Amino acid sequence: MTVWIPKLHLRRMAEEAEGHRPNETGGILLGHQNGFDVVVRDVIDAGPGAVRTTTGMRPDHDYHVRAIQEAFEASDGAVTYLGDWHSHPDGSAAVSDRDRRTLRNIARERDAFCAEPTLLILASAEDGVWLPVAWSGRLGRLGRWGRIAVARARLRPHAAQP
């Protein structure tokens, strides 16, 4: 899988991550799938009701549901929920057990319409420098009841369309 994302969205996420350091922050990815490619059209922050700590964050669910609905309606259904993004201020872009559970829960949730969710982790290498790493999740052969397989995805930053 390849994740295509405008550089301006990566900068926006890095600024959000730096602004909440040493706590984690995050949000959602919106866009569309094109074959094996995921095309990110927008990123949404954690929301006003989010809870951020040094070991995790809980996003504002209602804020995200509204953002997804608005993007879907404004695009006549072309833009949908692709998955989540969040920061790891400790410098590791590795997928944690909590990240795996999140991917599994997204893939299992029928209302998410996201059978193969994308996870973008921003890891802090040093103050102000954030390395983005993309991951994809896929449920095993038992479907909703199986385990999640997580694989690193190719990340392709690009200049935004005019």
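The values are calculated or read from the model by the stated rules, or taken from the named source; none is laboratory data. Please read all numbers here as calculations on a predicted model, not as lab measurements. Note that we place each Cβ from the backbone using ideal geometry, even for glycine, and neighbour counts take in every protein chain shown. We work out accessible area using only protein heavy atoms, side chains counted, and drop any ligands, DNA or RNA first. Shrake-Rupley method; radii C 1.70, N 1.55, O 1.52, S 1.80 Å.
Summary table below
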{"item": "Residues with amide H under 5 Å from that of LEU139, placed H, sequence gap 5 or more", "result": "ALA149"}
{"item": "Carbon plus sulfur fraction of accessible area for the chain, probe 1.4 Å, in percent", "result": "50"}
{"item": "Per residue accessible area of the chain, 1.4 Å probe, in Å²", "result": "56"}
{"item": "Nitroxide proxy distance, nm - points 7 Å out along Cα→Cβ at GLU15 and ASP97", "result": "3.7"}
{"item": "Cα centroid separation, region 76-116 to region 28-43 (Å)", "result": "12"}
{"item": "Within region 1-33, backbone nitrogen closer than 17 Å to the virtual label 7 Å beyond the Cα of ARG66 toward Cβ", "result": "27-28"}
{"item": "Placed amide H near GLY91: partners under 5 Å, 5+ positions off or other chain", "result": "SER124"}
